[in-house]
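Chemist: A single structure is presented below for examination.
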Amino acid sequence: MRIAEVYASLQGEGLLAGTPSSFVRTSGCNLRCAWCDTPFTSWDPQGVERTVADVLAEVGALGPRHVVVTGGEPLLSAQAAELCLALRRTGFHVTVETAGTVLPATHEIVADLMSISPKLASSTPPAGTPGGWQTRHEAARRRDDVLRALAAGPHQFKFVIDGPADLAEARQWLAELGNIDPRSVFLMPQGRDAGELARSGVWLEEECRRAGFRFAPRHHIAWFGHGRGT
């Protein structure tokens, strides 16, 4: 599997925010979000081919007992699923961060927490994007059957919200999925630096209170800035 980076840091989002964690970032994605904050795993996928045993050894040396397998889209890789299973068998707590468009390449449970980040219409790149990615992204970004299957186990939903239209779409989408506990839903402001997140987060935090959702301020950007290895 192609790995973009492996590093230790703090989880910055969701239920486990603040938890010391090792991050394994795979490279390769079936989507092309207009605002992607890891373009080196999607628009220009970078990394090196590594074995499950190699990555497992590096994660073990880093120390944290929580591991986040992220991307890109990690569930595209059968080896990533193998890595998750190996980590869990070794006693690590595994979070998988996914856009919720593909299922793991196994029937076994690969994660202690499935962190699902469905991509709203505002994520679609503009017309004329090379590679036909506007059409390809829009066709692939919503798979309700996959979302329901992933949400059958321990999970959280994380929506990136850039404005009121995104919030309305997220609420409608959740209603159509049905049986989603709002306490498992996190809304994250769109932004790539602490100032932008602070400004966009003011109104979103209030909307979360009204709707019973959780507010996810993306702590890692405030703590470390926007960059690789954080």
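Any read-out appearing in this document is the output of simple, stated calculations on the displayed coordinates, not a laboratory observation. Note that the coordinates shown come from a computational prediction; the quantities given were computed from them, not determined experimentally. Glycine gets a Cβ as well: all are built from the backbone with ideal geometry, and neighbour counts include every protein chain shown.
Chemist: Above 22 angstrom, tally the Cα pairs of the chain and express them as a % of all pairs, no decimals.
Modeler: 50
Chemist: Spin-label point model (7 Å from Cα, Cβ direction): what's the residue 135 to residue 152 distance in nm?
Modeler: Result: 3.4 nm between the two label points.
Chemist: In a shell of Cβ-Cβ distance under 14 Å around residue 206, excluding residue 206 itself, what net charge do Lys and Arg (+1) and Asp and Glu (-1) give?
Modeler: Local charge sum for residue 206: +2.
Chemist: Take every DSSP beta bridge whose two residues both sit in the chain, then give the antiparallel share in percent to the nearest 5.
Modeler: Given both bridge residues lie in the chain, the antiparallel proportion sits at roughly 30 percent.
Chemist: Please sort 90-99, 22-31, 208-217 by packing, taking for each peptide the average over its residues of neighbouring beta carbons within 10 angstrom, highest first.
Modeler: 22-31, 90-99, 208-217
Chemist: May I ask you to derive the relative contact order of the stretch 2-159, considering only C-alpha pairs under 8 Å and at least 6 residues apart, and to give it as an integer percent?
Modeler: Relative contact order for the stretch 2-159 comes out at 22 percent.
Chemist: Roughly how many nanometres apart are two label points built 7 Å out from the Cα toward the Cβ at residue 175 and residue 35?
Modeler: Placing both labels 7 Å beyond Cα along the Cβ direction yields 2.3 nm.
Chemist: Sorting check: for 122-132, 33-43, 162-172, 68-78, which peptide has the highest mean count of neighbouring beta carbons within 10 Å, and how do the rest follow?
Modeler: Top to bottom by mean Cβ count within 10 Å: 68-78, 33-43, 162-172, 122-132.
Chemist: Between residue 7 and residue 106, how high is the FRET efficiency from 1/(1 + (r/R0)^6) when r is the Cβ-Cβ distance and R₀ = 25 Å? Nearest 0.05.
Modeler: After rounding to 0.05, the efficiency reads 0.45.
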